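Below: the structure, in structure tokens.
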6 protein chains.
Amino acid sequence: MPFVNIKVTREGVTAEQKAQLIEGVTTLLKDVLNKNPSTTFVVIDEVDLDNWGAGGLPVTEFRKRALNT
Amino acid sequence: MPFVNIKVTREGVTAEQKAQLIEGVTTLLKDVLNKNPSTTFVVIDEVDLDNWGAGGLPVTEFRKRALNT
Amino acid sequence: MPFVNIKVTREGVTAEQKAQLIEGVTTLLKDVLNKNPSTTFVVIDEVDLDNWGAGGLPVTEFRKRALNT
Amino acid sequence: MPFVNIKVTREGVTAEQKAQLIEGVTTLLKDVLNKNPSTTFVVIDEVDLDNWGAGGLPVTEFRKRALNT
Amino acid sequence: MPFVNIKVTREGVTAEQKAQLIEGVTTLLKDVLNKNPSTTFVVIDEVDLDNWGAGGLPVTEFRKRALNT
Amino acid sequence: MPFVNIKVTREGVTAEQKAQLIEGVTTLLKDVLNKNPSTTFVVIDEVDLDNWGAGGLPVTEFRKRALNT
């Protein structure tokens, strides 16, 4: 009965993409650990850009300076 | 000084119901572990239906096919 | 399909007490929100005293100075 | 590569204050544990007042009765 | 820069299986959301059986009565 | 009444360093948001190296190949 929490920045993730994440991670847990999909829960948190930091900076600023993530 | 995080689907939970959850879980921790209510924190996360998965499906789809949760 | 995470300090919580917490919070979610117990998950985290802080101090020190929690 | 999650009540935290939290905690991890800022992530969760409990009460009520937090 | 937390029961998950989970979920986030693997973090929590509840029961008891998860 | 969770790899963090993290983040929240230290909680999770992934690899492997974190 795994529980998976996926945190990503809130940037227009679609319902279809969320469904793909849910299906993909559930299948992964079945394939690797033989976990029953019916008791695998997934929660996706979408985090506003101002609320996510990396490199000591809000992510928007971090991306400008450093990486294309 | 317990910290409790309750995640539920966002489906019209009222302020009164939230207050009942907060009171109930705080009382539970006092009764079972003798924890001081004044330093028991509770955070309730309401999760959009598209963002919660079970059985490899978004919860709305999961419920249609399987359980009435 | 709620998910509840209870964090408490690691101070000899027994298996019986854990079972009481699991049962109590599951019943609470059924009573308040009509959630199906069979899809309610609870995870208890026991946190070493050095790893829990309050009032800017490790909890052992905090308790000495301030509260009996 | 630390990951820090800061939960505060949703009460008008500004983008500037969020940036200060991100910078401050990233610097702290560099100073104390020599962690590389470029791989330190920070996520700030702002929690509605109805969804945060303390002392067995929603935080608004808790503050009225007890502490000025 | 996603952050993924996978919670599973502590039942002998091997280092190789953990590596497969890390690789799989990182690839999933690249495929679905085009996230850069180098800034995707994954944390796996292994939870003692006594500390995981489902159906109002510790998981060992829950499995006996209900599901083979 | 903030709640802060700091996740770091388990690599010999001392009790003194943990105390510094607790004090530092509590002071930060007081300085930036005027939060009362007595109701600021901090929980530090130390994560085994096998259980932390970055770049699609367990962290030990990731470090060899890429960054000195």
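The values are calculated or read from the model by the stated rules, or taken from the named source; none is laboratory data. Just so it is clear, the structure is predicted and the values come from calculations on it, not from any experiment. Note that we place each Cβ from the backbone using ideal geometry, even for glycine, and neighbour counts take in every protein chain shown. Accessible surface areas use protein heavy atoms only, side chains included; no ligands, DNA or RNA. Shrake-Rupley method; radii C 1.70, N 1.55, O 1.52, S 1.80 Å.
Computed quantities for the displayed model
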read-out	value
Residues that are open to solvent by 40 Å² or more (accessible area, probe 1.4 Å) and touching a helix residue (DSSP H, G or I) at 6+ places or on another chain (Cβ under 8 Å), drawn from the range F:38-52	F:LEU49, F:ASP50
In the range C:53-69, the residues that are in contact with a Ser or Thr (Cβ under 8 Å, 6 or more places away or on another chain) and open to solvent by 30 Å² or more (accessible area, probe 1.4 Å)	C:ARG63, C:ALA66, C:LEU67
Meets criteria (touching a residue at least 12 places away in the same chain (Cβ under 8 Å) and touching a Leu at 6+ places or on another chain (Cβ under 8 Å)) for D:LEU33	yes
Exclusive hit being charged (D, E, K, R) and over 20 Å from C:ILE6 (Cβ atoms), set B:GLU46, B:GLU23, B:GLU61	B:GLU61
Every residue from the range C:1-12 that is at pLDDT 95 or above and assigned to a loop (DSSP other than H, G, I, E, B)	C:PRO2, C:ARG10, C:GLU11, C:GLY12
Residue in the range F:13-30 that is basic (Lys, Arg), more than 7 Å from every other protein chain (Cβ to nearest Cβ) and either part of a loop (DSSP other than H, G, I, E, B) or open to solvent by less than 10 Å² (accessible area, probe 1.4 Å) (or both) present	no
For C:VAL4: the one exception among (1) in contact (Cβ under 8 Å) with a residue 24 or more places away in the chain; (2) buried (at least 23 other Cβ atoms within 10 Å of the Cβ); (3) more than 21 Å from B:GLY12 (Cα to Cα)	(3)
Filtered residue count, the range D:7-30, keeping only those that are without any contact (Cβ under 8 Å) to a residue 40 or more places away in the chain and farther than 19 Å from A:PHE62 by Cα	5
Hits in the range F:31-63 - residues which are more than 14 Å from chain E (Cβ to nearest Cβ), outside any loop (DSSP other than H, G, I, E, B) and within 27 Å of E:VAL42 (Cα to Cα)	F:PHE41, F:VAL42
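Listed here are the residues, each with its yes/no results for (1) small (Gly, Ala, Ser); (2) touching a His at 6+ places or on another chain (Cβ under 7 Å); (3) more than 30 Å from E:VAL13 (Cβ to Cβ).
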| site | (1), (2), (3) |
| --- | --- |
| A:VAL8 | no, no, no |
| A:ALA15 | yes, no, yes |
| A:LEU33 | no, no, no |
| A:ASP48 | no, no, yes |
| A:LEU57 | no, no, yes |
| A:PHE62 | no, no, yes |
